[in-house]
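Sending over a structure as structure tokens; questions will come in a sec.
The values are calculated or read from the model by the stated rules, or taken from the named source; none is laboratory data. Only a predicted model underlies this, so the values are computations on that prediction, with no experimental measurement involved. Here the Cβ is made from the backbone with ideal geometry for all residues, glycine too, and neighbour counts use every protein chain on show.
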Amino acid sequence: MTAPGKPPIVAPGHTPGSVTDQISSIVLTRMPRWWWAAFGASFALVMMLLYALTKLVFEGTGIWGLNIPVGWGFAIINFVWWIGIGHAGTLISAILLLLRQEWRTSINRFAEAMTLFAVACAGLFPLIHVGRPWLAYWLLPYPNTMDIWPQFRSPLVWDVFAVTTYATVSLLFWYVGLVPDLATLRDRARQRLAKITYGFLSMGWRGSATHWHNYETAYLLLAGLATPLVVSVHTVVSFDFAVGQLPGWHATIFPPYFVAGAIFAGFAMVITLAVPLRTLFDLKDFITIRHLQNMGKVMLATGLIVAYGYVIEIFMAWYSGNWFEEFMILNRIQGPYRMQWYALLLCNVLAPQLLWIKRVRSTPALLFVVAMFVNVGMWLERFVIVVTSLHRDFLPSSWGMYAGTRWDWAIFVGSIGLFLALLFLFIRFLPMISIFEMRTIVPKTQAREPDEVSP
Amino acid sequence: MTKFDHPAEVPSTSRRSRIDLASMREHLQDARGPRFWRSLDELAETEEFQELLHREFPEMGVELPGGVSRRRFVQLMSASLALGGLTACTRQPLEKIVPYAQQPESLVPGRPLYFATSMTLGGVASGLLAESHMGRPTKVEGNPEHPASLGATDLFAQASVLSLYDPDRSQVITNLNRIRSWSAFVEDTRRETLASTRLRLLTGTVTSPSVAAIAQQVLSEHPQARWHQYDAVTRENVVAGAEMAFGEVVATRYDFARADVVVALDADFLTTGPGAVRYARDFMSRRRAPVDHPEMNRLYAVESMPTATGTVADHRLPLRPSQLAGFAAALAAEVGLPDAVAPAGADVGGQGEWLRAAARDLQAHRGSSAVVAGDYAPAEVHALAHAINGHLENIGRTVIHTAPLEAMPGDQTASLASLVDDMAAGEVDILVMLQCNPVYDAPVDLDFTTVLRQVGRRIHLGLYRNETSEHCHWHIPAAHYLESWDDARAHDGTISLTQPLIEPLYDGKTVAEVLSVFTEEGSRSAHGLLRSYWQGVLGESGFETRWRKALHDGFIADSALPPTGVTPGTEAAAETTALIAGTDQIPDGVDLAFRPDPTIYDGRFSNNGWLQECPKPLTKLTWDNAALVSPVSRTPRWSR
Amino acid sequence: MSQIFKPSTNTLARVSMFGAIFFLAILAWVLVTLNRSSLATRQGIVLQQPVPFSHDHHVAGLGISCLYCHTTVEESSFAGIPPSATCMNCHKLIWNESPMLEPVRESYRTGRPIEWTRVHDLPDFVYFDHSIHVAKGIGCASCHGRVDQMPLMYQAESLQMEWCLECHRAPEMFIRPRTEIYNMEWVSTDQETEGARLIADYRVQSKLSCSVCHR
């Protein structure tokens, strides 16, 4: 139902048939040249990542910039950054579904995909940062001959459970949502291999009423299951810091502040991807200005929560009367990493304020710029939290400085390459917009036309 | 019989050409505009500099063997990834268990045995207790019964175990880079060495009575022979200072346990130099303020660079090295040394009040104070310190003078210079360099390397193939002290014995063993030499018991040098102060002070990873060597 | 539109879905079992030795004490394997021409040690000290089994960490009086009460910290 005065969520003039044609044709026809170039570039980055990881396995974490007192560096920064990005997908899919926000339909599929890929990238870092990744399975409780279990009192173990649960539920949610579309692709595909593959993946979907009934139940249940995860995952991630007794980490504000930051970062990444995709694949009819505007509003709201978090951190440093807290904040403001902190304020607090202006929210290019700022800003936020607290702790004699080495950067940039490569493969092989859900919206937004027979 | 060659030019393992001045001028001729170069070699564009530019590590550094081929890389990578996942499934390989055929007495497998031994640095011994596991020395600690140790060690001793197992040690006797046997060396040397041979021995500082005895035997059998001693970290100023003060060479040691007030004149006596371990123990015993000494001691430190001693000082005064003599003269005048003249203008930088306070404190503690001059302080400062100690009645109480520790005390730089003169004049037939590296550490202006080529036969004994061995006909691997029979004096003269914990790993020889080749009796074992020397000194009766006891203890009991009743002449000291007063107390320019590295010493420990890794005191430098400049000097004048 | 899949695919899909669960479960079970089997631990496997030494004969048959050969068990981390000279104390006189003992005689003649294959071999990252276990009342048989009934030596227990912890977590179930350390046949009549008493008497602390063994 389009509220009066609001732009529509699907451009006028579409029928269910045209929706199906346009979206499925992206998958079923040859990819444009730029796709090959972009995929090639990101694949090259994946190769760089593999090279850097091989080097890491051979040489150990000594190739990173880590050294006492900074024992947590890029690995944990990247982990938190990616996990944060991975939040938007579930939020859009599950919470907005439960709230019956229909505008989510055209962005939920690739937001979910983005979530999965971001979680995959995030999952990489805890595995490699343990130093001996081949023993990473020790994180799991399993009956071993050593008769010992993981330390269940450690938030790092909670992380393992939180992240694996989140990854599993997100995958199921995404896959279940894909099943009807996979069936559409199966029916439209011309090559035998594509038919078999899509047919296999669509698990015999025929679109019968029973199927639809089961589907709706399963999807709703999964949405209900996924909703608390949006809050829980980043809460647990924030415990990694909040449980530690280090000034700048040991704060009760961390869970809500991290969750807001995660949604903030997630929506920024969705915009970062949606704006170019809608232009390149000519999907402006489906991802409309209305979607971008809504996402801009969510970003503004969560950005304000994050800004509130920053203010409270400073306030608590003064209000607590704790010497070390106070020093930590002063060190952020005046210390050697002050430029990172100022840049973070610029990116995360000042830049989103532009979203108050409607012109900015409705101009994709400007929105894209703001989102890029937020992407950078959120990475810097994790950098500031991790590094400034560690590099000058209670013992001034052991203060030190931290900077990533080329291998740190290679792994970070490589993980972005992995993310993009997976995304390009997703675009190539799966419908990036939910076809059947779009079809359900079309009749509501358009003058009713005779329905095409469902395939 | 094998013939050995002794050409003037030893074929070098590395190309080391001279800088070609002509080609440099040629390059500069065509140069226009500003050009920069990092060294004269670069300017001359020599081949070896180009090579150096493209090498990651310096020439003597050892790189990992070979490059890894792509195929091998992939093999290793896939294998390690595959094995990585299978760690839980690995099966222990079968291991052997090898008991003794005849178990040595008192050895308990799994339990270490401890042996007293000693290590020398700069010729002076420190007493050690070495831990041995089934015949392999693993750890070194101080010998609690040894007067120079009392159970503690310095870092050089701690790290010495690593040097023993250093795979880069030289492992074979070579003649012109060809592997030879010890018997071949002995045969060759004895055939060529006649009584009239102009033989020259070059060693580091020797305090060992047995080595001195065999060296003396060589000298007496070869009337043309000379013995020179040179250490880059030399204590010749100490010797010269003692000569100035007493007219004869005496050694000085301190009893800090009895000193209430200590004034250190550029002396880092707590961490460097002979006896530092004992001094630190004695000095710090007075900081714990026991019941019978309710008062703590007090340390005034004057120093030209930051040292560990300065950090424990109650009062520390930074001073330029060139002002130290003036300070010492002013202190002498202030404590009331008769006729001492305080130089005018010595009161620079507000040190006057500091000096007067120290002098008052010294005067209030007559007989229980000590003025300590550093090993690298000028001879005048040592002479004045002796005079002040004499004036304050400290001698015999906190400051003890004995006969010299060294077998041949003297001006080592002058001794080396006279050797270089002889070599340049072609008056040296055979030069034997024992456990020293003069090509590396001789003063540059002596141009040791050039004149070395004019010696007919060059023989080198060393732990490593180094810069000197590269220019020698014969190189003989030295035995590490944990492989050697030897002796040496500790800082108080105590005869400390070195006994081997393991057979020489690479058939290394000791200084005494190489010297014995030049004697009439010919090559003898280090054990035989040492034992027969002490048998001669200690006498036949009851020798076996005394010898076993000495080996067990690590030193010969009650062998510390007795105090000699010398007193410093006051007139000489007054003259010295007058001389100092005549010089400019605030010289222009920059003072340059050379100090041994706190961990690498004179460079001999450069291949010891533990010492390279060990942060240097105060600067925390590792794997590096830096010129230390005061932050004030570093800041340009305009921005101060 | 032609059919891509046959009707049988339905069944196949269902079977493979449930089958996957069973397959994974069986795989896990196999791995866990293999890890504890004697294939991995060498428990109960007789290893090839240069001389077929029989503990059964020497201990049960002749009544030689453990300490006669393993002399350092009370004072060192290592119990000690006897030097060839110890064997020759008796075998100079008896069985002195037995071909089986030729390696021993050869070793004694030449001074070349006999290379035994290690039966109880802990990984190098584990520190184990015989002397403290013996001093605190853990008998030989507790870890090495009934050596007096082994004609050829084998490893009686798994020597896996869970096996170590079994005792370290409840030493009262395995402790024995110090007088019975070398008694192979000793069995407690009332382990629980006596164990608790001995724990108190010998001041045994159940050491469970990682760094006790992984130093």
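Filter the range A:191-213 down to the residues that are assigned to a helix (DSSP H, G or I) and among the basic types (Lys, Arg), then identify the one that is nearest to the other protein chains (Cβ to nearest Cβ).
So the residue we want is A:195.
Shifting gears a bit: Are there any helices (runs of 4 or more DSSP H) wholly within the range C:13-97 with 2 or more residues that are closer than 22 Å to residue C:181 by Cα and in contact (Cβ under 8 Å) with a residue 40 or more places away in the chain, and if so which?
Per the criteria, C:66-69.
Next question. Take the residues in the range B:220-237 that are in contact with a helix residue (DSSP H, G or I) (Cβ under 9 Å, 6 or more places away or on another chain) and hydroxyl-bearing (Ser, Thr, Tyr), then tell me which one is farthest from residue B:201 (Cα to Cα).
B:234
Among the residues of the range C:63-77, what is the count of those that are within 13 Å of another protein chain (Cβ to nearest Cβ) and farther than 12 Å from residue C:134 by Cβ?
Qualifying residue count, the range C:63-77: 2.
Another question about this same structure. Of all residues in the range A:98-115, which are surrounded by fewer than 24 Cβ atoms within 10 Å (Cβ to Cβ), assigned to a helix (DSSP H, G or I) and hydrophobic (A, V, I, L, M, F, W, C)?
The answer is A:98, A:103, A:113.
Something else about it: Hey, any hits in the range C:137-151 for a residue that's more than 30 Å from residue C:210 (Cα to Cα) and of a type in the set (Gly, Ala, Ser)?
no
Another one. Out of the range B:88-138, which residues are out of contact with any Pro (no Cβ under 8 Å at 6 or more places or on another chain), assigned to a strand (DSSP E or B) and within 14 Å of another protein chain (Cβ to nearest Cβ)?
B:96, B:97, B:113
Sticking with this structure for a sec: Output the residues belonging to the range B:571-593 that are assigned to a helix (DSSP H, G or I) and more than 23 Å from residue B:404 (Cβ to Cβ).
Within the range B:571-593, B:571, B:574, B:575, B:577, B:578, B:579, B:580, B:581 meet the criteria.
Follow-up. Just wondering, is there one or more residues in the range C:42-62 that are within 14 Å of chain A (Cβ to nearest Cβ) and either surrounded by 10 or more Cβ atoms within 10 Å (Cβ to Cβ) or modelled with pLDDT of 90 or more (or both)?
yes
In the list A:43, A:58, which residue meets the criterion of being farther than 30 Å from residue A:396 by Cβ, surrounded by fewer than 18 Cβ atoms within 10 Å (Cβ to Cβ) and more than 22 Å from the chain's Cα centre (by Cα)? Break it down into steps so the answer makes sense when it comes.
Numbers: A:43 fails: more than 22 Å from the chain's Cα centre (by Cα).
After ruling out the rest, the residue left standing is A:58.
For residue C:22, only one of the following conditions fails: (1) modelled with pLDDT of 90 or more; (2) more than 14 Å from chain B (Cβ to nearest Cβ); (3) surrounded by 10 or more Cβ atoms within 10 Å (Cβ to Cβ). What is its number?
Condition (3) is where residue C:22 drops out.
Test residue A:175 against the criterion of being exposed (fewer than 14 other Cβ atoms within 10 Å of the Cβ) and in a helix (DSSP H, G or I), and give yes or no.
no
A further question on this structure: Helices (runs of 4 or more DSSP H) wholly in the range B:335-454 with at least 1 residues that are closer than 28 Å to residue B:207 by Cα and more than 21 Å from the chain's Cα centre (by Cα) - which ones?
Counting at least 1 such residues, we get B:379-391, B:412-424, B:448-452.
Do we find a residue being closer than 20 Å to residue B:436 by Cα, assigned to a helix (DSSP H, G or I), touching a His at 6+ places or on another chain (Cβ under 8 Å) and not charged (D, E, K, R) anywhere in the range B:183-194?
Within the range B:183-194, not a single residue is closer than 20 Å to residue B:436 by Cα, assigned to a helix (DSSP H, G or I), touching a His at 6+ places or on another chain (Cβ under 8 Å) and not charged (D, E, K, R).
Considering only the range A:188-210, how many residues are more than 12 Å from residue C:5 (Cα to Cα) and in contact (Cβ under 8 Å) with a residue 24 or more places away in the chain?
Residues meeting the conditions: 6.
Across the range A:230-247, which residue is surrounded by the most Cβ atoms within 10 Å (Cβ to Cβ) among those that are part of a loop (DSSP other than H, G, I, E, B) and touching a helix residue (DSSP H, G or I) at 6+ places or on another chain (Cβ under 8 Å)?
A:247
For the range B:599-614, which residues satisfy the criterion of being without any contact (Cβ under 8 Å) to a residue 40 or more places away in the chain and under 11 Å from residue B:155 (Cα atoms)?
B:600
I need the helices (runs of 4 or more DSSP H) fully contained in the range C:112-201, keeping only those with at least 2 residues that are within 14 Å of chain A (Cβ to nearest Cβ), crowded, with 16+ Cβ neighbours inside 10 Å and of a type in the set (Val, Ile, Thr).
none
Taking the range A:120-147 as the region of interest, how many residues are within 12 Å of another protein chain (Cβ to nearest Cβ) and assigned to a loop (DSSP other than H, G, I, E, B)?
Residues that pass the stated criteria total 8.
Here's a follow-up. Is at least one residue of the range A:248-261 hydrophobic (A, V, I, L, M, F, W, C), in contact with a Gly (Cβ under 8 Å, 6 or more places away or on another chain), at pLDDT 90 or above and assigned to a helix (DSSP H, G or I)?
Looking for residues that are hydrophobic (A, V, I, L, M, F, W, C), in contact with a Gly (Cβ under 8 Å, 6 or more places away or on another chain), at pLDDT 90 or above and assigned to a helix (DSSP H, G or I), one finds at least one in the range A:248-261, hence yes.
Being assigned by TED's automatic domain parsing to the domain that holds residue B:335, buried (at least 23 other Cβ atoms within 10 Å of the Cβ) and not in a loop (DSSP other than H, G, I, E, B) narrows it down to one residue among B:257, B:245, B:264; which is it?
B:264
Pick from the range A:376-415 the residues that are farther than 28 Å from residue A:330 by Cβ and surrounded by 19 or more Cβ atoms within 10 Å (Cβ to Cβ): which of them is nearest to the chain's Cα centre (by Cα)?
Result: A:415.
Could you tell me how many of the residues in the range A:183-204 are among the hydrophobic types (A, V, I, L, M, F, W, C), buried (at least 21 other Cβ atoms within 10 Å of the Cβ) and in contact with a helix residue (DSSP H, G or I) (Cβ under 7 Å, 6 or more places away or on another chain)? Give the derivation first.
We begin by selecting, within the range A:183-204, every residue among the hydrophobic types (A, V, I, L, M, F, W, C); these are A:183, A:185, A:189, A:193-194, A:196, A:200-201, A:203.
Keeping just the survivors that are buried (at least 21 other Cβ atoms within 10 Å of the Cβ) gives A:183, A:185.
Then keep just the ones that are in contact with a helix residue (DSSP H, G or I) (Cβ under 7 Å, 6 or more places away or on another chain); that gives A:185.
The qualifying residues number 1.
Suppose the filter is more than 21 Å from the chain's Cα centre (by Cα) and closer than 30 Å to residue A:26 by Cα; does residue A:279 pass it?
Answer is yes for this residue.
Could you tell me whether any residue of the range C:21-43 is touching a strand residue (DSSP E or B) at 6+ places or on another chain (Cβ under 7 Å) and more than 30 Å from residue A:199 (Cα to Cα)? Full working, then the answer.
Initial filter on the range C:21-43 (touching a strand residue (DSSP E or B) at 6+ places or on another chain (Cβ under 7 Å)): C:42-43.
Retained after the next criterion (residues that are more than 30 Å from residue A:199 (Cα to Cα)): C:42-43.
Looking through the range C:21-43, at least one residue is touching a strand residue (DSSP E or B) at 6+ places or on another chain (Cβ under 7 Å) and more than 30 Å from residue A:199 (Cα to Cα).
Another question, if that's okay. Restricting to the range B:278-317, name every residue that is touching a residue at least 60 places away in the same chain (Cβ under 8 Å), surrounded by fewer than 24 Cβ atoms within 10 Å (Cβ to Cβ) and over 29 Å from residue B:352 (Cβ atoms).
B:280, B:281
Further, regarding this structure: Could you list, in sequence order, the residues of the range A:148-174 that are within 14 Å of another protein chain (Cβ to nearest Cβ) and more than 25 Å from residue C:27 (Cα to Cα)?
A:151
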